[in-house]
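The values are calculated or read from the model by the stated rules, or taken from the named source; none is laboratory data. Computed from a predicted model, the values in this text were never measured in an experiment. Counting neighbours? That spans all protein chains shown, and the Cβs are built from the backbone with ideal geometry, glycine included. Only protein heavy atoms, including side chains, enter the accessible area calculation; ligands, DNA and RNA are left aside. Shrake-Rupley method; radii C 1.70, N 1.55, O 1.52, S 1.80 Å.
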Amino acid sequence: LALAPLTRLLEEAHVGLSSLISPVARLYDREDFVEAFADVGPTLEEARDSIAEMLKEASRANVLGQIFAIRDDVLGVYRFDPPRQPSWDDSDDANARVELFWGVIGLVSRLLGVSVEGLTVKVLAHELAHAYTHVGADADGRRWGTTAFQRTDRALLEGLAQYYTCRVLERLGKQAPGAMDAYEKLLPHQPAIYRTHLGWLESHSPEEVRDAMLTIRCRGAGSVAEFEHLLGEARSRRRSR
């Protein structure tokens with residue numbers, strides 16, 4: 001566990017030493033070099049092998065796996081107050097808020113080899129996407145009822161948040177160049193529900209996803225299967241037009 005945060009530095013050192021050994025070995029043709037650095041060749045090889053052992057040991061820790069096994073919301077969380085009485089409309093004040101856990105973001109950014117700023121933008125975009133799908137009003141002023149949002153399949157909620165996170169980071173481009181890198185490197189380590197959106201990115205336009213989202217919000221609590229059926233209907237309507 002202590003070695004795991006040093007993984008990226010160890011990898012860089014291992015690559016550097018491995019690249020250095022052969023050029024240094026060729027310098028042993030020079031007598032003056034041998035006199036000055038007689039033991040440098042074996043020393044470099046020993047350092048490279050020691051670093052390889054440390055990397056092997058660090059890989060056993062699986063720190064990212066342990067972190068995400070604790071719970072899903074370890075980097076940040078979207079919080080809201082549940083209604084005092086279950087209500088399926090959108091009239092309740094959810095008192096929604098976003099929290100970022102800077103200590104974990106700092107640790108995970110080192111483990112992934114991404115910038116702290118890039119990962120912070122990624123996490124913030126994800127949590128704000130939850131807020132957008134929940135309390136963001138459509139053209140008619142309607143929102144997702146808090147009880148319905150609370151009872152919707154978690155895979156659908158995370159899928160929507162991840163979908164809009166990806167779209168937002170694509171648009172940010174040069175403004176936050178490390179954010180998309182953080183998104184892509186973090187994705188394989190997250191629970192499966194955080195990859196629900198991948199097929200939507202590949203097969204559906206943003207207009208279709210928005211159409212399906214607005215429809216399912218009006219119906220109440222939703223499931224992934226229902227949402228994907230709505231996506232299909234939205235695509236059919238678009239093609240007919």
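To the nearest 10, the accessible area of residue 219 is 140 Å² with a 1.4 Å probe. With a cut-off of 13 Å between beta carbons, the residues surrounding residue 131 carry a summed charge of +1, where Lys and Arg count +1 and Asp and Glu -1. Across all Cα pairs in the range 23-73, the calculated P(r) in 5 Å bins from zero up to the longest distance comes to 4, 17, 16, 11, 10, 9, 8, 7, 6, 6, 4, 2, 0 percent per bin.
Candidates 52, 209, 234 compared by Cα position along the dipole of the chain: farthest toward the positive end lies 234, with charges placed on Cβ. If you take the alpha carbon atoms of the chain and fit the smallest convex hull around them, that volume is 166 Å³ per residue. Ranking 3, 95, 155 by Cα position along the charge dipole of the range 1-159, where only Lys, Arg, Asp and Glu carry charges on their C-beta atoms, puts 95 farthest toward the positive end. Highest mobility in the GNM of the chain, judged by mean-square fluctuation with C-alpha springs under 10 Å and restricted to 141, 118, 220, is found for 141. For the range 1-62, the dipole from Cβ point charges (+1 on Lys and Arg, -1 on Asp and Glu) about the Cα centre works out to 400 debye, to the nearest 20.
Per residue, the chain reaches -21000 deg cm²/dmol at 222 nm when only DSSP H runs of four or more residues are counted, each adding -39500 (n - 2.57).
Computed across the range 72-159, the Kirkwood radius stands at 14.2 Å (inverse of mean 1/r, all Cα pairs). For residue 29, the solvent-accessible surface with a 1.4 Å probe is about 140 Å², rounded to the nearest 10. Rounded to the nearest 20 debye, the dipole magnitude of the chain is 1180 debye, with +1 charges on Lys and Arg beta carbons, -1 on Asp and Glu beta carbons, and the Cα centre as origin.
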